[in-house]
Amino acid sequence: MLSTQVNEKERHDGVAAGESQRELRRAEPVPEEPKGSSARKWIVVLVILAVVGAAVWKIRRNTKEQNGVQMMMAAQADRPASVQVSAVQQKTMPIFLTALGTVTAYNTVTIKSRVDGQLMQVPVREGQAVRQGQTLAEIDPKPYQAALEQAQGQLVKDQANAVNARAEAARYEALLSAGVVSKESQQAQASTAGQAEGSIASDHAAIEAAKVNLGYTKILSPINGVVGLRQVDAGNIVHAADTNGLLVVTQLQPIAVIFTLPEDQLPEVLRRTRAGDKLVVEAYDRAAATHLASGSLLTVDNQIDTTTGTVKAKAVFENKDGALFPNQFVNVRLILQEKRNAVVIPASALQTGTQGNFVYLLKQGQPPPDPLAKKNADGPTIELPENQTKFYVEAQTVNVELTEGTQVILSGGVRPGDQIVVDGQEKLKNGSKVFPKTAPTKAGDGTTAELGMTSNVGQPS
């Protein structure tokens with residue numbers, strides 16, 4: 001009982017103590033908040049709002065710039081591209097084989113002396129064109145003139161002896177008939193007369209030989225050609241046994257070209273030559289750009305070179321203008337046939353894509369609308385000046401039949417007279433607007449002409 005009363009008293013005292021402490025806390029003064037804390041809060045709020053506003057402004061500005069760039073790119077994409085165009089041609093197109101060739105003189109003659117003696121003069125200049133029979137060099141003729149005169153003198157002597165021998169033979173013949181001399185004496189005298197006749201014939205031959213040698217002292221050109229560099233000067237002693245000649249004469253009109261063909265192409269060439277066709281051969285310069293001369297195929301070698309698998313062929317050119325020169329390197333075109341009414345375009349116009357071979361065909365007017373393109377009402381509109389005709393291009397699929405050098409023969413896709421793009425295709429796509437200029441031709445002056453309202457560009461089909 002006592003313990004219970006003690007516990008209740010302790011609890012009562014603890015509650016009373018707690019209430020007294022709470023009352024003391026209430027009685028203590030509450031500290032006041034600093035006056036600047038509210039201003040700082042407003043400053044933080046304003047800074048946050050400024051940062052958010054700046055971020056929003058930056059995002060909107062970037063978006064506007066991007067839209068501007070996109071609009072500018074769209075405007076540039078819609079701007080007509082400057083291109084060069086050329087008309088599709090219909091003409092006779094040669095089908096040819098190409099080869100590398102070397103120009104060779106049709107005839108080459110090394111002029112040598114056929115007699116010994118001093119070279120008196122060379123009356124021709126180096127590089128001079130000479131005709132057949134023209135004097136090229138002269139050797140001292142005096143020794144050979146003397147030999148001729150000696151042979152002629154010997155002939156006179158032997159003729160006189162022959163007259164006497166014939167008279168003696170006639171007398172011995174009469175004496176034999178009279179029985180005065182023996183048969184042996186008469187035959188001996190007849191033999192002497194015959195020897196005299198033989199001496200006369202020998203003298204005639206000696207005279208002819210002397211004349212030939214005397215003629216050799218004047219050296220004549222055996223062909224029409226051009227004289228090369230002189231190898232022996234006047235005043236030197238020359239011999240018939242000399243290894244080097246005096247001059248070299250080459251025939252340049254006509255002139256030959258030696259070239260090689262692969263053995264796989266030989267059957268077609270032989271088939272046409274054996275049929276009597278005269279195959280035309282054209283010679284071009286080292287760059288295969290400038291036509292030098294036209295000739296004809298003369299012959300084909302009689303065997304194939306096993307080391308290269310090629311056969312040599314020889315063509316002949318008149319070379320009247322002297323465009324070909326011995327040992328000159330040329331590109332050769334052996335024309336097998338002439339394809340008439342062929343549709344031809346420049347090789348630079350031909351493009352290759354997923355749809356195959358195609359060309360950009362020039363059309364007049366505005367391109368048809370693209371149903372897949374997105375329309376931008378805010379985008380800029382590019383207009384050409386009023387005095388200029390509007391053009392666009394259309395990708396046109398073509399069928400290639402044959403490629404010959406820088407030209408392509410087509411079997412379909414375009415028609416003669418159609419205008420196609422030959423330069424500037426890298427900037428184009430189907431339906432692109434263009435500003436066309438006529439491509440320069442090889443025979444022209446290299447300038448281009450703008451196509452305006454008076455242009456001869458073909459109308460769209």
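The values are calculated or read from the model by the stated rules, or taken from the named source; none is laboratory data. On a predicted model such as this, the values are computed, not experimentally measured, just so you know. For neighbour counting, all protein chains shown are included, and Cβ atoms are generated from backbone atoms with ideal geometry for every residue, glycine included. For the accessible areas, the whole protein counts, side chains as well, though only heavy atoms, and no ligand, DNA or RNA atoms are used. Shrake-Rupley method; radii C 1.70, N 1.55, O 1.52, S 1.80 Å.
Among residues of the range 339-360 that are β-branched (Val, Ile, Thr), those with a beta-carbon under 7 Å from a residue that is open to solvent by 30 Å² or more (accessible area, probe 1.4 Å) at least six positions away or on a different chain give the pairs VAL343/GLN90; VAL343/PRO416; VAL344/GLN89; VAL344/LYS91; VAL344/GLN407; VAL359/LEU350; VAL359/GLN351; VAL359/GLN396.
Close contacts from the range 185-204, counting a first residue that is assigned by the TED database to the domain that holds GLY153 and in contact (Cβ under 8 Å) with a residue 12 or more places away in the chain and a second that is open to solvent by 60 Å² or more (accessible area, probe 1.4 Å) and among the acidic types (Asp, Glu), with Cβ to Cβ under 9 Å and a gap of 6+ residues or different chains, come to GLN186/GLU173; GLN189/GLU173; ALA190/GLU173.
One residue alone among VAL163, VAL103, VAL83, VAL156 is touching a Leu at 6+ places or on another chain (Cβ under 9 Å) and more than 30 Å from LEU297 (Cα to Cα), and that residue is VAL83. From the list VAL238, VAL180, the one residue that fits, being β-branched (Val, Ile, Thr), open to solvent by 40 Å² or more (accessible area, probe 1.4 Å) and over 30 Å from GLN253 (Cα atoms), is VAL180. Which of the numbered conditions does VAL408 fail, given that it passes all the others? Conditions: (1) open to solvent by less than 20 Å² (accessible area, probe 1.4 Å); (2) farther than 16 Å from GLY356 by Cβ. All conditions are met except number (2). Would you mind listing the strands (runs of 3 or more DSSP E) fully within the range 72-143 where at least 2 residues are among the aromatic types (Phe, Trp, Tyr)? By residue number, 89-111. Filtering the range 259-276 to residues that are exposed (fewer than 15 other Cβ atoms within 10 Å of the Cβ) and in contact with a strand residue (DSSP E or B) (Cβ under 9 Å, 6 or more places away or on another chain) leaves PRO262, GLU263, GLU268, LEU270.
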